1. What's the number of the only condition in (1) open to solvent by 60 Å² or more (accessible area, probe 1.4 Å); (2) hydrophobic (A, V, I, L, M, F, W, C); (3) closer than 19 Å to L44 by Cβ that M146 fails to meet?
2. Would you point out the residue of region 42-62, among those that are modelled with pLDDT of 95 or more and of a type in the set (G, A, S), that is surrounded by the fewest Cβ atoms within 10 Å (Cβ to Cβ)?
3. I'm told T93 meets every condition in (1) touching a residue at least 12 places away in the same chain (Cβ under 8 Å); (2) over 21 Å from D19 (Cα atoms); (3) assigned to a helix (DSSP H, G or I); (4) not small (G, A, S) except one. Can you identify the failing condition by its number?
4. Exactly one condition in (1) in a helix (DSSP H, G or I); (2) more than 18 Å from A156 (Cβ to Cβ) is not met by G101; state its number.
5. One residue is enough: does region 12-32 have a residue meeting the conditions open to solvent by less than 50 Å² (accessible area, probe 1.4 Å) and assigned to a strand (DSSP E or B)?
6. Any residue in region 120-130 that is part of a helix (DSSP H, G or I), over 17 Å from the mean Cα position of the chain (by Cα) and of a type in the set (D, E)?
Amino acid sequence: MLTLRCTKRLLDRMRLRPDENPPAPTTLLGDWYCNLLHTSAGQLILAVSERTLLPVLVPARDAKSLPARLPQAVAEVFAAIGVPSISIGREVTLMDMMAIGRTASRQVLGSMNDFAWMLEVPIDRGESLLDAAVFLAQAPCKPIGMDSPSRATLGAFALTSN
């Protein structure tokens with residue numbers, strides 16, 4: 001169980017009402033923050049893990065289906081950065097149930113703004129959304145002690161496998 005914490009822009013696009021009291025997340029990476037981006041490659045949704053700031057990109061078409069599409073996109077980014085397949089399966093299974101909520105952390109939103117600026121580089125090079133997400137995941141982020149989201153994510157999964 002987790003909450004997709006969406007910006008107002010994305011909530012309007014999805015035409016969904018947010019849950020005013022969403023449940024606490026049961027996933028290792030916590031809730032996911034989501035924003036609608038307008039890029040030269042088209043409209044995208046940037047989703048970022050609350051705990052490790054791992055970014056995931058999905059096309060914005062049919063935004064209302066984001067809860068159904070996000071787990072697969074997350075699994076692809078996990079595999080690309082080296083998360084063990086058993087851990088991927090466990091985390092994605094916990095993502096089966098999602099609530100929709102409003103954003104709650106300015107720190108995460110600030111990191112998302114940084115990612116939006118950095119996204120221009122891989123988009124302009126014509127990289128896939130997966131490659132662009134992995135590129136963003138290598139950036140050091142202040143809210144996680146100047147670690148990269150990929151290293152923070154791998155570290156979080158390593159702690160649970162012991």
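The values are calculated or read from the model by the stated rules, or taken from the named source; none is laboratory data. These numbers come from a predicted model, not from an experiment. When we count neighbours, we look across all protein chains shown, and the Cβ atoms used for this are built from the backbone with ideal geometry, even at glycine. Each accessible area value is taken on the protein alone, full model and side chains, heavy atoms only, with ligands, DNA and RNA left out. Shrake-Rupley method; radii C 1.70, N 1.55, O 1.52, S 1.80 Å.
1. Evaluating M146 over (1) open to solvent by 60 Å² or more (accessible area, probe 1.4 Å); (2) hydrophobic (A, V, I, L, M, F, W, C); (3) closer than 19 Å to L44 by Cβ leaves (3) as the failure.
2. Step one: filter region 42-62 for residues modelled with pLDDT of 95 or more, giving 43-60.
Within this subset, residues satisfying the condition of being of a type in the set (G, A, S) are 47, 49, 60.
Working: A47: 26, S49: 25, A60: 19.
For region 42-62, the residue satisfying everything is A60.
3. Answer for T93: the failing condition is (1).
4. (1)
5. yes
6. yes
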